[in-house]
1. At positive phi, without any contact (Cβ under 8 Å) to a residue 60 or more places away in the chain and under 13 Å from the mean Cα position of the chain (by Cα): does that describe residue B:53?
2. Check off (1) modelled with pLDDT under 95; (2) within 23 Å of residue B:6 (Cβ to Cβ) for residue B:159 and give me the number that stays unchecked.
3. Of the residues A:33, A:43, A:47, which single one is more than 8 Å from DNA strand D (Cβ to nearest atom) and either within 23 Å of residue B:122 (Cβ to Cβ) or modelled with pLDDT of 95 or more (or both)?
4. Looking only at the range A:52-64, which residues are touching a strand residue (DSSP E or B) at 6+ places or on another chain (Cβ under 6 Å) and either surrounded by fewer than 19 Cβ atoms within 10 Å (Cβ to Cβ) or under 14 Å from residue A:11 (Cα atoms) (or both)?
5. If I ask for residues that are buried (at least 23 other Cβ atoms within 10 Å of the Cβ) and within 9 Å of chain B (Cβ to nearest Cβ), which ones from the range A:16-26 would you list?
6. Pick out the one residue from B:49, B:31 that is within 14 Å of chain A (Cβ to nearest Cβ) and surrounded by 22 or more Cβ atoms within 10 Å (Cβ to Cβ).
7. Regarding the range B:11-33, can at least one residue be identified that is within 26 Å of residue A:136 (Cα to Cα) and touching a residue at least 24 places away in the same chain (Cβ under 8 Å)?
8. Read through the list (1) within 14 Å of chain B (Cβ to nearest Cβ); (2) more than 12 Å from DNA strand D (Cβ to nearest atom), then give the number of the only condition that residue A:69 fails.
DNA sequence: CCTTTATGGATGTATAATGTCCATAATAAA
DNA sequence: TTTATTATGGACATTATACATCCATAAAGG
């Protein structure tokens, strides 16, 4: 289980955009050469980010990409969910058909009396989902802007750094 | 990014063992039919768990598997690391060769003055690792015994439930 | 000895991730 | 309006990984 390389490249591309963000557009060639990947490959990633409203794209000369909203409103979780998909980290195996009875969650258990739909989930899934939520809350709290704020001062300058 | 089905099956198999755990051995056939998977497939999983000291195995008639230690000392994290491997959720892409300078962590930053080796990691990796640690601490705190303790009372009985 | 059981190698298949190429559309600049 | 520039999306090829099975072997109990 690992994050895909595409997710890493998406994050680095967004950091690049956030750095250049003066309402300017950055072309795929600048982005891809900066990351050391092919432009045909990176353009797939950027296209996903655009479909999800993370970036805007414009065609034509002096076109390219820009962030669709401020960098402090683009979280790591946003980016990961676009690239990796929104499926949960763990899904029950056989529609509960073959779980050991001990793994079945008690439907009356304390936290679940409010009638949440996950009451029927097996306890394995309950733990896995809890773990995922822990991770997601951390990823939601860290934004592209966070990276800029914590970058080494030597790296902060007007032009692009390559 | 998802946990493999093997991880889910490993967890369910261990829950089954924990339930039957009176120093008894449970054969691969009972386990695999309980989970609804083939025994040849599940035996690979059990073999990994044995190599990592999660379960013990014995051959011969009336042989089979048993937990190698109490269920409250087998965490979800233990099992996941055996089946999924111990690689980190995120690895830097190109040995730092192509990161945007802004993504480089400041080596002198506050939390890192103590000289931790991760000082050189890029900030993307730092966030991803932080997220992973959040998830791991949750998974470390939840054990096979936790599942038994939270199971519906109707499921708790002497024999196997299938 | 013979049955039962786990083990590990070899192998096959399915699915997903990675990466490239090309035709097309849209736009700004000349 | 033409032309150069740029993003887009389909099709495709290439791995890598997960999933799954079969079989020969070894170990232990009856």
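The values are calculated or read from the model by the stated rules, or taken from the named source; none is laboratory data. Every value quoted in this text rests on a predicted model; they were computed, and no experiment measured them. Quick reminder, even Gly has a Cβ in these numbers, built from the backbone with ideal geometry, and neighbours come from all protein chains shown.
1. Details: at positive phi: yes; without any contact (Cβ under 8 Å) to a residue 60 or more places away in the chain: yes; under 13 Å from the mean Cα position of the chain (by Cα): yes.
For residue B:53, the condition - at positive phi, without any contact (Cβ under 8 Å) to a residue 60 or more places away in the chain and under 13 Å from the mean Cα position of the chain (by Cα) - is met.
2. Going through (1) modelled with pLDDT under 95; (2) within 23 Å of residue B:6 (Cβ to Cβ) one by one, residue B:159 breaks only (2).
3. Values: A:43 fails: more than 8 Å from DNA strand D (Cβ to nearest atom); A:47 fails: more than 8 Å from DNA strand D (Cβ to nearest atom).
A:33 is the lone residue from the list that is more than 8 Å from DNA strand D (Cβ to nearest atom) and either within 23 Å of residue B:122 (Cβ to Cβ) or modelled with pLDDT of 95 or more (or both).
4. Keep residues of the range A:52-64 that are touching a strand residue (DSSP E or B) at 6+ places or on another chain (Cβ under 6 Å), which gives A:55-57, A:64.
Those that are touching a strand residue (DSSP E or B) at 6+ places or on another chain (Cβ under 6 Å) and either surrounded by fewer than 19 Cβ atoms within 10 Å (Cβ to Cβ) or under 14 Å from residue A:11 (Cα atoms) (or both): A:55, A:56, A:57.
5. At the first step, the residues of the range A:16-26 found to be buried (at least 23 other Cβ atoms within 10 Å of the Cβ) are A:16-17, A:19.
Passing the criteria: A:16, A:19.
6. Details: B:49 fails: within 14 Å of chain A (Cβ to nearest Cβ).
After ruling out the rest, the residue left standing is B:31.
7. Our first condition is that a residue be within 26 Å of residue A:136 (Cα to Cα); within the range B:11-33, this holds for B:11-12.
Okay, now just the ones that are also touching a residue at least 24 places away in the same chain (Cβ under 8 Å), so B:11.
Yes, the range B:11-33 has at least one match.
8. (1)
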